[in-house]
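Novice: Below is a structure I'd like to ask you about.
The values are calculated or read from the model by the stated rules, or taken from the named source; none is laboratory data. The structure presented is a predicted model; accordingly, all values stated were derived computationally and were not measured. Backbone-built Cβ (ideal geometry, glycine too); neighbour counts: all protein chains shown.
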Amino acid sequence: MYMAKVIGSVVSTQKDPSLVGKKLMIVQPINAQGESIRYEEVATDSVGAGIGEYVLIVKGSGARSADGRSGLEGNVNDCSIVGIIDRFDG
Amino acid sequence: MYMAKVIGSVVSTQKDPSLVGKKLMIVQPINAQGESIRYEEVATDSVGAGIGEYVLIVKGSGARSADGRSGLEGNVNDCSIVGIIDRFDG
Amino acid sequence: MYMAKVIGSVVSTQKDPSLVGKKLMIVQPINAQGESIRYEEVATDSVGAGIGEYVLIVKGSGARSADGRSGLEGNVNDCSIVGIIDRFDG
Amino acid sequence: MYMAKVIGSVVSTQKDPSLVGKKLMIVQPINAQGESIRYEEVATDSVGAGIGEYVLIVKGSGARSADGRSGLEGNVNDCSIVGIIDRFDG
Amino acid sequence: MYMAKVIGSVVSTQKDPSLVGKKLMIVQPINAQGESIRYEEVATDSVGAGIGEYVLIVKGSGARSADGRSGLEGNVNDCSIVGIIDRFDG
């Protein structure tokens, strides 16, 4: 998992059936000081994260488990928001 | 998932049977400002993306689910275009 | 696997059900000289690692096996602390 | 998938049983202009690629499907040549 | 797969049960000229590699197949030495 800030969303009409009805958020990975690292990713959101919030991101096959009902079969998702970060403890 | 721009295609006659009949597009990853990041990848296309369009890319095992009928068994694909981006919302 | 130092933790109330009750540690990847490399990750801990300790990290589907009882199904985790490093031998 | 140029091979007598009888080619990832990017990888070859040819590479679990008969079980392979590139179209 | 040089080992008493009895080697990734690239990883060894030897490394789920008897279930391993490199052919 890594930490990221939600900075926007993507609108896509023509997409894989497994992504229909999912929110596609643009997330900027950050370090523990809240500074931007690497590049933006696009993550599905199943925890109700809003723009400006700090979140936890999972990549790969774990991301498909975050989608609940839709299961693993036929699900193309490889990046999900799985938690909203309340605070960092040093 | 990440954002990319379709910039070309690859012609390959001699290839794995699971790739026969698939369009192999060269995609340039981009950030939310549309600027090029990292390096080109080659992705299969199942949503009908054209050159110059902005798309969503999945990597790894999720990419195989994008190929529909061909299923997961015997499918070598690890990178798929899964959506066409209409617009970014900040 | 790679080596990392535990540098903090993340508090997240609203998160995927599979992460409830798990400790979410911030880990800083290090090289064999103990110097910081790359960027922080967030890893679940099943070996009782404390802040300041050097640990072994696994990524991807192997990380879900580290969670024991919770199994692979419905588990979003993609990063786990799987060992505490006693020492490096050159 | 990404594009690469075959630049050599690796000879290994003592290796995992699942790699016995496979050609282990050193491939240099390239961009669409044919310039070297990142670092060399070692890929199995099931399409008969020769040194100097441009090829398509898959990583991860998809690479095991490229090995045909050997299947997914007990196969350690995580990188395969899956196509020979005839040409790039812009 | 990528090429690496074995440069040391890690001693860990408190670790995931699936790693007990396994040798944990520190490996430095190298290019085809034998120069260090990227950063060290920690890999299990099932081919009897010694310090100073050049080896082949697999990452991800393929690494679990290298562990033989221990199988894929409950195995956290994501990085294995799968071959000793005798020589590179250009």
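Novice: Would you confirm, using the coordinates I've provided, whether C:Arg69 is crowded, with 18+ Cβ neighbours inside 10 Å, at pLDDT below 95 and of a type in the set (D, E, K, R)?
Specialist: On the way: crowded, with 18+ Cβ neighbours inside 10 Å: no; at pLDDT below 95: yes; of a type in the set (D, E, K, R): yes.
Judged against the criteria, C:Arg69 is not a match.
Novice: Among the residues of region E:42-56, write down those that are free of Cβ contacts under 8 Å to residues at least 40 places away in the same chain and under 21 Å from E:Asn31 (Cβ atoms).
Specialist: Within region E:42-56, E:Val42, E:Ala43 meet the criteria.
Novice: Still on this structure, please answer the following. Being surrounded by 19 or more Cβ atoms within 10 Å (Cβ to Cβ) and among the hydroxyl-bearing types (Ser, Thr, Tyr): is that true of C:Thr13 here?
Specialist: No.
Novice: Here is a further query. Go through region E:8-23 and give me each residue that's facing chain C (nearest Cβ under 7 Å) and either part of a strand (DSSP E or B) or aliphatic (A, V, I, L, M) (or both).
Specialist: Within region E:8-23, E:Gly8, E:Ser9, E:Val10, E:Val11, E:Lys15, E:Leu19 qualify.
Novice: So in region A:33-85, with the set limited to residues that are among the hydroxyl-bearing types (Ser, Thr, Tyr) and in a loop (DSSP other than H, G, I, E, B), which one is nearest to the other protein chains (Cβ to nearest Cβ)?
Specialist: A:Tyr39
Novice: Go through region B:4-38 residue by residue and tally those that are closer than 24 Å to A:Ala63 by Cα and in contact with a Pro (Cβ under 8 Å, 6 or more places away or on another chain).
Specialist: Step one: list which residues in region B:4-38 are closer than 24 Å to A:Ala63 by Cα, which gives B:4-5, B:27-32, B:37-38.
Retained after the next criterion (residues that are in contact with a Pro (Cβ under 8 Å, 6 or more places away or on another chain)): B:4, B:37-38.
The qualifying residues number 3.
Novice: Kindly establish whether D:Val20 is among the aliphatic types (A, V, I, L, M) and closer than 21 Å to B:Thr44 by Cα.
Specialist: Judged against the criteria, D:Val20 is not a match.
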